[in-house]
Amino acid sequence: MRRYGLVALVGVVCLSAAGTGQAPRRGPRADDWRDRLADRLSGFGHRNWVVVADAAYPAQVAPGIETVVTRADQLDVVRALLDELGKAKHVRPVVYTDAELPFVPEKDAPGIGDYRRDLKGLLADLKPQAVPHEQLIDRLGKAGERFRVLVLKTDLALPYTTVFVELQAGYWSAEAEARLRDAIRQAEKK
C-alpha cells in the first residue's frame, strides 16, 4: 500500500508541474540583455560607461566591469542603447569609436564598408570621437576600478567596431561645470 501511495504522489507532482503551461528554462532568454541594459542605465550616472562590443572584445578584469553576451547583431544593440539613452533624462552619451575603424580595408574585413556606413548613420547626431582602441580599453579598465561599466558583447566579427559610450549628467553640461568652477575660483580670490 505504501509503495502505491508514493507512486501516486510522484505522479501528482509531475502532472502539476506539467500543467503549468511553462516550458522549462534552458538558459537566458534572447532579450535578457535588453532588460539588463534598461536596469543598469536607470542606476548609472556620469562616469559610468556602456560598451557595445564585437565578438572578439576581451573580458576585462576590473571589478566594476560587467560583460553580457547578447548573441545579437551589433547595430541592433547600438540602436537599443540609443533608444534607452533617449528615454533617460539623467544622463547623456559621449560616444567614442575606434580610430582604426576608417582604415580597415574591405579586402581584409568583408562587410566593413557597409558597417561603417550604417554606424555613421546611427551615430550622426552624436558626433562620435575617434580614439585609438588601446586607449579606450585602458580608459575602461581605469573606470572599472571606481565605477560601473556595462559591456554588451555582440556577434559581430569585424575588427575595430566597438562603440564606447561614456555617460555624462543629462542635466548639467561641461560648459555649466566650467562656469561653476570659474565662479568658485573667483570667490576664493576674494
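Phi angles across segment 91-104 convert, under the Karplus curve 6.51 cos²θ - 1.76 cosθ + 1.60 with θ = phi - 60°, into 3J(HN,Hα) values of 9, 9, x, 10, 9, 10, 10, 5, 5, 6, 3, x, 9, 6 Hz, Gly and Pro given as x.
In straight-distance terms, cross-link reach from Lys89 covers every one of the lysines whose alpha-carbon lies under 20 Å from its own, apart from those fewer than eight places away in the same chain; here that gives Lys127.
Under 5 Å from the amide H of Val91 lie the amide H atoms of Gly170, each residue being 5 or more positions distant or on a separate chain, with H modelled from the backbone and absent for Pro and chain starts. Evaluated with a Cβ-only charge set (Lys, Arg +1; Asp, Glu -1), segment 24-136 carries a dipole of roughly 440 debye about its Cα centre, given to the nearest 20. Between Asp32 and Thr67, the simple spin-label model (points 7 angstrom out along Cα→Cβ) gives 1.6 nm. Taking 14 Å as the straight-line reach from the Cα of Lys153, the aspartates and glutamates in range (excluding those fewer than 8 positions away in the same chain) are Asp31, Asp32, Asp54, Glu66, Asp73, Asp76. Over what distance in Å are the Cα centres of segment 152-179 and segment 66-112 separated? Rounded to whole Å, the Cα centres lie 10 Å apart. Note that segment 30-189, at 20 °C in a medium of 1.002 mPa s, gets a Stokes-Einstein diffusion coefficient of 130 µm²/s from its Kirkwood radius over C-alpha pairs.
Rounded to the nearest 20 debye, the dipole size of segment 86-183 about its Cα centre is 460 debye, using +1 on the Cβ of Lys and Arg and -1 on the Cβ of Asp and Glu.
Listed values for segment 176-182 are Karplus-derived 3J(HN,Hα) couplings in whole Hz (6.51 cos²θ - 1.76 cosθ + 1.60, θ = phi - 60°), namely 5, 4, 5, 5, 4, 4, 5, and x replaces Gly and Pro. Spin-label model, Gln129/Ala187: points 7 Å from Cα along the beta carbon direction are separated by 2.8 nm. Around the amide H of Ile65, modelled in the peptide plane, lie the amide H atoms of Val149, all under 5 Å away and 5 or more residues distant in sequence or on another chain.
All of the numbers you see were taken from the coordinates with simple rules; none came from a lab. Just so it is clear, the model here is predicted, and its values are computed rather than measured. Please note: Cβ atoms are built from the backbone with ideal geometry, for glycine as well, and neighbour counts cover all protein chains shown.
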